[in-house]
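Got a structure for you, written out below as structure tokens; questions coming shortly.
The values are calculated or read from the model by the stated rules, or taken from the named source; none is laboratory data. The model shown is predicted, which means the values in this text are computed figures rather than measured ones. FYI the Cβ positions are ideal-geometry reconstructions off the backbone, even for glycines, and counts take in every protein chain you see. What goes into the accessible areas is simple: the full protein's heavy atoms, side chains included, and nothing from ligands, DNA or RNA. Shrake-Rupley method; radii C 1.70, N 1.55, O 1.52, S 1.80 Å.
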Amino acid sequence: MQTSFMARHVATFVLGLPILALSLLARPVLAEDKILVADCTETGCRCSLSAVTLVEYETVVGSPAPPGAAEMVLVMEGTDFSWSRSSPDQIDAAHGGAGLCPIELFSVIPKDGTWRGTVRMQEITGCLPQVAEMVPQLVDGTQMHKQIVWGGKFHPSQFVMGDAPDRFLWTQRSPTQFDGVFPVPANDTLKISIITTATLTTSDRAEATVSLHLAAAQGANAAALAVLGMADCRANAIYDFERVGP
């Protein structure tokens, strides 16, 4: 069965026993009188500098912006909008987000073509020595190649190999950044957590970090699992993606 490039290496680790994101200090400051907009839903906000200036806003709306608008954030909620003196991060948290709303100064569009993915193991701790020695040899430096047509939008599921759906469950943080969770069935012995963040850093580069954690489930024999190197086993890897051809 085909699965994603990252998912295959996660499976390799478990069976073996087992991005430059654009993040600025969030502050309601406008560049050249551009309006800082927080486009919000029930699960958070997307923050960006609008192409519209305050003067253009007042012309379109037909009324002046509130005093101090140059230092405020325009909060959009569907067809409603309001001005806020809160920071973008505070606005995101108030709308059910994680309290992180990086300001997008420009839109990065991934280029269609042949993309190459390469794995870099970062660290393995708390695991059996045999696993810590074996997994980097199996995984580190391995590559994939895939022809990708993005359709003008970035999504890490495009890195899936073959026709099978990606098994990661993704949450979009911005047009260039996604958080993912690899669903693992719960059991009474072992708790497995696999999380990732995928970021489009430029139009022809992307990066994903993957963290895997094996731990004793509640009520399980932690001492026995420690002998097997699974009571607190952690592995971190980076996946570098690069467009290498048309």
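Can you return the aspartates and glutamates within cross-link range of LYS146? Criterion is Cα-Cα under 15 Å, with same-chain partners fewer than 8 residues away left out.
ASP112, ASP163, ASP166, ASP204, ASP240, GLU242
List, in order, the whole-Hz ³J(HN,Hα) value for each residue of segment 119-129 obtained from phi through the Karplus relation with A = 6.51, B = -1.76, C = 1.60 and θ = phi - 60°; use x for Gly and Pro.
Once rounded to whole Hz, the list reads 9, 10, 5, 9, 6, 9, 10, x, 9, 4, x.
Also, I was wondering about something else. What number comes out for the charge environment of LYS111, summing +1 per Lys or Arg and -1 per Asp or Glu over other residues with Cβ under 9 Å away?
Numbers: positive: ARG243; negative: ASP112, ASP204.
Counting the neighbours of LYS111, the net charge comes to -1.
Calculate the radius of gyration of the Cα atoms of segment 35-76 to one decimal place, then report Dmax, the largest Cα-Cα distance, as a whole number, both in Å.
My reading of the Cα-based Rg and Dmax gives 10.9, 31 Å.
Additional query: Roughly how much of ARG120 is accessible, in Å² to the nearest 10, using a 1.4 Å probe?
Accessible area, nearest 10 Å²: 90 Å².
Whole number in Å², please: accessible area per residue of segment 120-213, 1.4 Å probe, ligands, DNA and RNA not counted.
54 Å²
With θ set to phi - 60° and the Karplus curve 6.51 cos²θ - 1.76 cosθ + 1.60, what are the ³J(HN,Hα) couplings of segment 78-92 in order, to the nearest whole Hz, using x for Gly and Pro?
Those phi angles translate into x, 8, 9, 8, 7, 9, 9, 8, 6, 6, x, 5, 5, 5, 4 Hz.
Take ASP240, project a point 7 Å from its Cα along the Cβ direction, then tell me which residues of segment 180-197 have their backbone nitrogen under 20 Å from it.
What the label zone holds, given the 20 Å backbone N cut-off, is 197.
What percentage of all Cα-Cα pairs in segment 136-181 are separated by more than 13 Å?
Values: 678 of 1035 pairs.
Distances greater than 13 Å cover 66 percent of the Cα pairs.
Something else: For segment 107-162, what % of the accessible area comes from carbon and sulfur atoms, probe 1.4 Å? Could the numbers behind the result be given before it?
Numbers: 1520 of 2980 Å².
The computed percentage sits at 51.
As a test of reading the structure, rank GLU123, GLU42, GLU133 by solvent-accessible area (1.4 Å probe, protein chains only), most first. Before the final figure, lay out each step's value.
On the way: GLU123 95, GLU42 170, GLU133 120 Å².
Reading off the accessible areas and sorting them downward yields GLU42, GLU133, GLU123.
Please work out the ratio of the alpha-carbon Rg of segment 95-217 to 2.2 N^0.38 Å and round it to two decimals.
Working: Rg = 16.6 Å, N = 123, 2.2 N^0.38 = 13.7 Å.
Against the compact-globule rule of thumb, the ratio is 1.21.
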